[in-house]
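Worksheet: one structure, shown below.
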Amino acid sequence: MGEQTYDCSGKKEIRGAEDLRPALAGAGIPHYVYVLCLPPHRDRMIPFYVGKGQAERVLAHEEEARDPETIGTKAEVIRSIWRTGEQVVRFIDSFHATHPWNREC
């Protein structure tokens, strides 16, 4: 996790499926790039994961982190956020007609 900040201005925050479904329908294209961020600190958004997805992929990492058998840095970051009583902040960064292979990190 670096200290690089994420400029979320103009990006769609996804609080859950109720935000995601209309965003996907409105875009009308199947692929997207999403950013998972730590809770805001001093008005800064710090990303800890950038992924590519379709459908409800942006929500899947938290489902995976609920399983105590899931290991890895991403799951541990999510769990550490939950331990503080906070939530992961999710944004749709961009929509793509074809799979955006070059964006995930």
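No value in this document is a laboratory result; all are computed from the given coordinates. Keep in mind that what you see is a predicted model, and the values were worked out from it rather than measured. Backbone-built Cβ (ideal geometry, glycine too); neighbour counts: all protein chains shown.
Numerical summary
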item: Label-point separation in nm, A97 to A23, each point 7 Å along Cα→Cβ; result: 2.2
item: Reach of K74 by Cα under 16 Å, taken over lysines that are not fewer than 8 positions away in the same chain; result: K52
item: In sequence order, calculated HN-Hα J values of segment 35-49 (Karplus, 6.51, -1.76, 1.60; Hz; x Gly/Pro); result: 10, 9, 10, 5, x, x, 10, 6, 6, 10, 9, 10, x, 10, 7
item: For I14, residues with placed amide H under 5 Å, excluding near neighbours; result: R90, F91, I92
item: Nonlocal amide H pairs with Q87, under 5 Å, H built at 1.01 Å; result: none
